[in-house]
Amino acid sequence: MASMFTCCFGCCGEGGSGHVPLKEMPTVQLDTHHMGTDVVIVKSGRRICGTGGCLANAPLHQNKSYFEFKIQSTGVWGVGVATQKVNLNQVPLGRDTNSLVLRHDGSVYHNNEEKNRLPANSLPQEGDVIVSGITYDHVEMNLYLNGKNMHCPASGIRGTVYPVVYVDDSAILDCQFSDFYHTAPQGFEKILFEQQIF
């Protein structure tokens with residue numbers, strides 16, 4: 001009987017301590033399972049280079065999401081939200097109903113239609129925290145540049161969306177899904193996995 005208890009307690013947990021390790025919550029990052037074929041993801045899923053697009057690994061479930069992109073090297077790029085149906089090999093995004101993106105030229109596109117445009121003197125440059133963030137509340141995407149609201153809302157995308165970024169022509173962008181460069185607008189917060197919401 002004593003040997004049975006020894007086996008039970010000795011086999012449980014790590015080294016018989018009786019403690020079961022808690023499963024760590026995953027980190028929001030770029031998803032190497034949902035990226036274009038010529039995309040390169042480095043820096044622990046936070047930097048994109050190459051050619052094509054990539055979705056983040058967490059959908060925007062909560063009501064008010066905030067995330068940032070920083071331009072490390074200029075070129076052709078775009079940031080915004082997209083469904084998993086988006087073609088991540090076809091840049092620029094925003095050509096169909098599956099993506100809503102700010103493009104490097106300051107235009108915001110969805111379904112091959114310009115939905116809005118950044119003010120001419122506010123085009124993001126190398127080193128800018130683009131869109132020092134994007135806020136998305138399941139209706140409208142708003143853009144920020146270095147912490148300043150660009151008053152450039154856009155809407156129209158439907159369904160479950162994910163943060164999306166694409167690059168081409170030597171562009172390199174870093175994604176920030178926590179530990180932001182700028183304070184998130186009031187009421188908005190970092191992307192939460194569904195288990196964290198409930």
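The values are calculated or read from the model by the stated rules, or taken from the named source; none is laboratory data. These numbers come from a predicted model, not from an experiment. Here the Cβ positions follow ideal geometry from the backbone for every residue, glycine too, while neighbour counts run over all protein chains shown. Areas reflect the complete protein model, heavy atoms only, side chains present, ligands, DNA and RNA absent. Shrake-Rupley method; radii C 1.70, N 1.55, O 1.52, S 1.80 Å.
ALA154 sits among other residues whose Cβ lies under 11 Å from its own Cβ, and their net charge, with Lys and Arg +1 and Asp and Glu -1, is -1. At q = 0.15, 0.16, 0.22 Å⁻¹ the log10 of I(q)/I(0) for the stretch 79-198 amounts to -0.65, -0.75, -1.46, computed by Debye summation with a single uniform scatterer per C-alpha, solvent ignored. Of THR135, THR183, the order by accessible heavy-atom surface (1.4 Å probe, DNA, RNA and ligands excluded), from most exposed downward, is THR183, THR135.
Of the accessible area of the stretch 133-198, computed with a 1.4 Å probe over protein heavy atoms only, carbon and sulfur atoms account for 45 percent. Sorting MET141, MET25 by solvent-accessible area of protein heavy atoms yields MET25, MET141, largest first, with a 1.4 Å probe. Accessible area ranking (1.4 Å probe, heavy atoms, ligands and nucleic acids excluded), largest first, for GLU114, GLU126, GLU24, GLU68: GLU24, GLU126, GLU114, GLU68.
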